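Working notes, structure below.
The values are calculated or read from the model by the stated rules, or taken from the named source; none is laboratory data. What you see is a predicted model, and the numbers here were worked out from it, not measured in a lab. Every residue, glycine as well, gets a Cβ built from its backbone with ideal geometry; the counts of neighbours run over all protein chains shown.
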Amino acid sequence: MNDLSSDESDATAPTYSRRQLLSVIGGTAVVAGGGGLGIGSVLGSANGDGLIGTAGGTCGNIEPGADLSGCDLSERDLSGADLREVEFTETDLSGANLAKANLEMANLWKTNLSEANLSEAGMAPTAFVEANLRGADLHGSNMDGSNLWGANLEGANLSGVILTNANLPLTKLSGAIFSGSNLSGSRFIQADLSDANLEGANLGDASFSKANLEGANLEEAISDGVDLSGSNLQTAKLEGANLWEANLVGADLRGADARAGLGKANLSGADLSEADLTFASLEEADLSEASLVNADLQTANLDGANLEGADLSGANLQGAKWIDGSVCSTRDCDGQAY
């Protein structure tokens with residue numbers, strides 16, 4: 001995935017060019033040109049250079065390219081409407097019906113979309129920077145390449161959504177539903193996904209670096225190559241997830257149900273204390289310096305795993321396949337674990 005102009009490590013406010021719509025396609029600002037400006041300085045402009053701002057559009061003039069900044073469109077029925085490239089900066093669309101609407105290249109910066117119906121809407125790509133989407137229904141929508149930096153989607157329904165190559169650092173997604181969604185290649189850096197439902201979602205090559213996934217449901221998720229480094233996965237449900245070659249360096253999985261496919265995963269320095277790893281596939285995984293204190297590793301597969309410096313005190317390895325391929329007959333793997 002291409003680099004954004006913002007620093008991936010700290011997820012600070014991204015910087016974009018002057019002529020733009022604050023959408024991100026494949027990690028690149030949509031329109032290039034001019035000197036880079038921060039979000040506030042671009043969207044706060046009201047005149048000059050064709051910049052996004054409050055240009056005094058008529059609220060009743062709802063058509064492609066219209067300026068509806070600051071309008072009160074709450075509870076309005078806009079289902080199936082053509083809203084391409086519409087300016088919705090700080091517009092009130094709370095409770096509005098936008099099902100199957102076309103919002104491609106629209107700008108919804110700081111827009112209120114709480115409890116709105118955006119199901120099956122076309123939004124590839126669309127800018128939702130710092131928008132309020134709490135409790136919104138977005139199921140089945142296409143949001144490929146969209147920018148949701150700092151948006152609030154707490155409790156939102158995003159099941160079956162196409163949210164590939166999207167930008168979501170610092171988003172609030174607590175309790176959001178992503179079951180069966182395609183999130184591959186997207187960036188959730190430092191996002192709050194506590195208690196979110198990602199069951200069966202495609203997380204391949206996505207980045208959840210330093211994200212909060214405490215209590216999240218990732219059962220049966222497809223997560224090949226996902227970056228979960230430094231993330232909080234305490235008490236998360238990972239049963240049946242495919243985390244092949246995933247990056248979990250420094251992740252916190254205390255008390256997690258990690259009965260998952262973790263073959264060749266990088267878990268160096270991860271905290272897996274008291275985690276449920278029964279039947280987990282950890283073959284050739286890097287568990288160096290990891291904490292597996294009181295972890296349940298019964299019948300887990302550790303064949304070829306790197307356990308250098310790992311703490312296995314109190315771990316239960318009964319029936320596990322040890323790093324040399326032998327099967328452990330006791331809790332401490334016949335004394336090999338200590």
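Could you list, in sequence order, the residues of segment 213-244 that are part of a strand (DSSP E or B) and farther than 19 Å from Glu274 by Cα? Full working, then the answer.
Looking only at segment 213-244, we keep the residues that are part of a strand (DSSP E or B), and these are 217, 222, 227, 232, 237, 242.
Listed by number, the residues that qualify are Ile222, Asp227, Asn242.
Given the conditions (1) under 20 Å from Ser186 (Cβ atoms); (2) surrounded by fewer than 24 Cβ atoms within 10 Å (Cβ to Cβ), report the number of the one that Leu233 does not fulfil.
The one condition Leu233 does not meet is (2).
Which condition number does Asn107 fail, the rest of (1) in contact with an Asp or Glu (Cβ under 6 Å, 6 or more places away or on another chain); (2) surrounded by fewer than 20 Cβ atoms within 10 Å (Cβ to Cβ); (3) at pLDDT 50 or above being met?
Result: Asn107 fails condition (2) only.
From the residues in segment 291-338 that are of a type in the set (A, V, I, L, M, F, W, C), more than 15 Å from Asp276 (Cβ to Cβ) and touching a Gly at 6+ places or on another chain (Cβ under 8 Å), which one is surrounded by the fewest Cβ atoms within 10 Å (Cβ to Cβ)?
Step by step, filter segment 291-338, then rank; the result is Val327.
Condition check ((1) surrounded by fewer than 24 Cβ atoms within 10 Å (Cβ to Cβ); (2) of a type in the set (Gly, Ala, Ser)) across all residues:
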position: Asn117; (1), (2): yes, no
position: Phe128; (1), (2): no, no
position: Asp144; (1), (2): yes, no
position: Leu153; (1), (2): no, no
position: Ala176; (1), (2): no, yes
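Please count how many residues of segment 224-236 are closer than 22 Å to Glu284 by Cα and in contact with an Asp or Glu (Cβ under 9 Å, 6 or more places away or on another chain).
Number satisfying all stated conditions: 7.
Quick one: count up the residues across segment 202-220 that are small (Gly, Ala, Ser), surrounded by 24 or more Cβ atoms within 10 Å (Cβ to Cβ) and farther than 16 Å from Gln190 by Cβ.
Result for segment 202-220: 0.
Looking only at segment 82-91, count every residue that is buried (at least 19 other Cβ atoms within 10 Å of the Cβ) and outside any loop (DSSP other than H, G, I, E, B) and tell me the total. First the steps, then the outcome.
Taking segment 82-91 first, the residues buried (at least 19 other Cβ atoms within 10 Å of the Cβ) are 83, 86-89, 91.
Next, from what is left, pick out any that are outside any loop (DSSP other than H, G, I, E, B): 87.
Total meeting the criteria: 1.
Give Ser94, Ser74, Ser69, Ser79 a once-over and let me know the one that is in a loop (DSSP other than H, G, I, E, B), under 20 Å from Ala176 (Cβ atoms) and among the polar types (S, T, N, Q).
Every option except Ser94 fails the conditions.
On the given criteria, is Asp192 under 25 Å from Asp92 (Cβ atoms), surrounded by fewer than 24 Cβ atoms within 10 Å (Cβ to Cβ), within 14 Å of the chain's Cα centre (by Cα) and not small (Gly, Ala, Ser)?
Considered against the rule, which asks whether it is under 25 Å from Asp92 (Cβ atoms), surrounded by fewer than 24 Cβ atoms within 10 Å (Cβ to Cβ), within 14 Å of the chain's Cα centre (by Cα) and not small (Gly, Ala, Ser), Asp192 comes out as yes.
Per-residue answers, yes or no, for (1) more than 19 Å from Leu163 (Cα to Cα); (2) charged (D, E, K, R):
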site	(1), (2)
Thr89	yes, no
Ala101	no, no
Leu108	no, no
Ser119	no, no
Ala124	no, no
Ala127	no, no
Arg134	no, yes
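Quick check on my filter: what residues within segment 249-290 are within 21 Å of Asn316 (Cβ to Cβ), of a type in the set (A, V, I, L, M, F, W, C) and surrounded by fewer than 22 Cβ atoms within 10 Å (Cβ to Cβ)?
Phe279
Taking segment 130-142 on its own, how many of its residues are surrounded by 24 or more Cβ atoms within 10 Å (Cβ to Cβ) and either among the hydroxyl-bearing types (Ser, Thr, Tyr) or in contact with a helix residue (DSSP H, G or I) (Cβ under 9 Å, 6 or more places away or on another chain) (or both)?
Looking only at that region, the number is 1.
Regarding Ser223, is this residue at pLDDT below 95 and buried (at least 21 other Cβ atoms within 10 Å of the Cβ)?
Taking the combined requirement at face value, the residue satisfies it.
How many residues, within segment 160-174, are assigned to a loop (DSSP other than H, G, I, E, B) and crowded, with 22+ Cβ neighbours inside 10 Å?
The number of residues fulfilling the criteria is 9.
With the structure loaded, tell me whether Leu108 is free of Cβ contacts under 8 Å to residues at least 60 places away in the same chain and either basic (Lys, Arg) or more than 17 Å from Arg134 (Cα to Cα) (or both) or whether it fails that test.
no
Filter segment 300-338 for residues that are charged (D, E, K, R) and either in a loop (DSSP other than H, G, I, E, B) or on the phi > 0 side of the Ramachandran plot (or both) and give the result.
Asp303, Glu308, Asp324, Arg331, Asp332, Asp334 - these are the residues of segment 300-338 that are charged (D, E, K, R) and either in a loop (DSSP other than H, G, I, E, B) or on the phi > 0 side of the Ramachandran plot (or both).
How about segment 245-299: which of its residues are outside any loop (DSSP other than H, G, I, E, B) and touching a Ser or Thr at 6+ places or on another chain (Cβ under 9 Å)?
Asn247, Asp252, Asp257, Gly261, Asn266, Asp271, Asp286, Ser291, Asp296, listed by residue number.
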